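In what follows, a single structure is set out as structure tokens and then discussed.
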Amino acid sequence: MFLALAISSTLAVCGILSVSSPEDKSLLESSPILLAHAPKLPERFRKKGIGAFVLDDSRNILAQYVDGKLMLACRVATAAKEHHQLRGIRQIRRPARWRPTWKPTPGVRAEYARKHLGRLPDRIPYGDPRNPLGIVCLDLMGESYIKIHATIPGNIGKDCTRGCFALLPGDARQAMENWRKAKRLYLYVYD
């Protein structure tokens, strides 16, 4: 265990591994991603003022670029097989929602009731254990229920969401800080 922590710390100091914050130990609970394994940025997004998330969902790796420069590479949770996985390009709405309230879809509320878990309200505030959005959430234009948001460490690297893309809380915070320089934001999911 000590060797793994030492390697992770060394990679972070060398800039090979993106570490969100020293107090965020949850990053060490997932598989660290070497920046060399990040999905490549398509040429059309290599412009000043453009920010892009590029997802390789075959490996559940999300890379973040700003002004054509790789800022972050991390493992994420993606859509479960029975749910729609978004493909192609979507613009990301601004601003990010911090401590977001979750509005479960009617289908989610019905499934929750079917599993005898009780009734879900129309709105679930940040901090409620039933709210899956975590500390921060980004909305995609034209997609009312697919989000980019923080999640618990146990979901990272799995196909377990209802279509969302979920990051560790520390990675989500770091990504939001990186976006400050970008004028337009995009999500690109490899076809």
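The values are calculated or read from the model by the stated rules, or taken from the named source; none is laboratory data. What you see is a predicted model; the values in this text were computed from it and never measured. Note that each Cβ is placed from the backbone with ideal geometry, even for glycine, and that neighbours are counted across all protein chains shown.
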**Fill in**
Quick count over segment 117-151, residues being under 18 Å from Ile61 (Cβ atoms) and assigned to a loop (DSSP other than H, G, I, E, B), is 1
**Message:** Which pairs turn up if I take residues in segment 38-62 that are under 11 Å from Ala182 (Cβ atoms) and β-branched (Val, Ile, Thr) and look for partners that are outside any strand (DSSP E or B) and modelled with pLDDT of 90 or more with beta carbon separation below 9 Å, at least 6 apart in sequence or on another chain?
**Reply:** Ile50/Asp67; Ile50/Gly68
**Request:** State which residue is farthest from Pro100 (Cα to Cα) when the search covers only segment 170-191 and only residues that are surrounded by 17 or more Cβ atoms within 10 Å (Cβ to Cβ) and touching a Gly at 6+ places or on another chain (Cβ under 6 Å).
**Result:** Ala182
**Item:** All positions within segment 42-85 that are over 18 Å from the mean Cα position of the chain (by Cα) and among the small types (Gly, Ala, Ser)
**Value:** Gly49, Gly68
**Item:** Yes/no for Tyr112 being closer than 20 Å to Ala79 by Cα, buried (at least 18 other Cβ atoms within 10 Å of the Cβ) and not aliphatic (A, V, I, L, M)
**Value:** no
**Message:** For segment 112-151: of the residues being touching a residue at least 24 places away in the same chain (Cβ under 8 Å) and of a type in the set (Val, Ile, Thr), which is nearest to Val54 (Cα to Cα)?
**Reply:** Ile148
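Restricting to segment 152-163, name every residue that is closer than 12 Å to Leu62 by Cβ and crowded, with 20+ Cβ neighbours inside 10 Å.
Initial filter on segment 152-163 (closer than 12 Å to Leu62 by Cβ): 156-157.
Ile156, the sole residue that qualifies.
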**Item:** segment 44-101 - residue that is of a type in the set (S, T, N, Q) and touching a Phe, Trp or Tyr at 6+ places or on another chain (Cβ under 9 Å) and, of those, farthest from Lys147 (Cα to Cα)
**Value:** Ser58
**Prompt:** Looking at segment 162-187, which of the residues that are of a type in the set (D, E, K, R) and part of a loop (DSSP other than H, G, I, E, B) is farthest from the chain's Cα centre (by Cα)?
**Reply:** Lys183
**Asked** Which one of the conditions (1) surrounded by 13 or more Cβ atoms within 10 Å (Cβ to Cβ); (2) of a type outside the set (A, V, I, L, M); (3) modelled with pLDDT of 85 or more does His83 fail to meet, given that it meets all the rest?
**Response** (3)
**Message:** Test of understanding: among Gly68, Gly88, Gly118, Gly49, which residue is surrounded by fewer than 18 Cβ atoms within 10 Å (Cβ to Cβ) and within 20 Å of Gly163 (Cα to Cα)?
**Reply:** Gly88
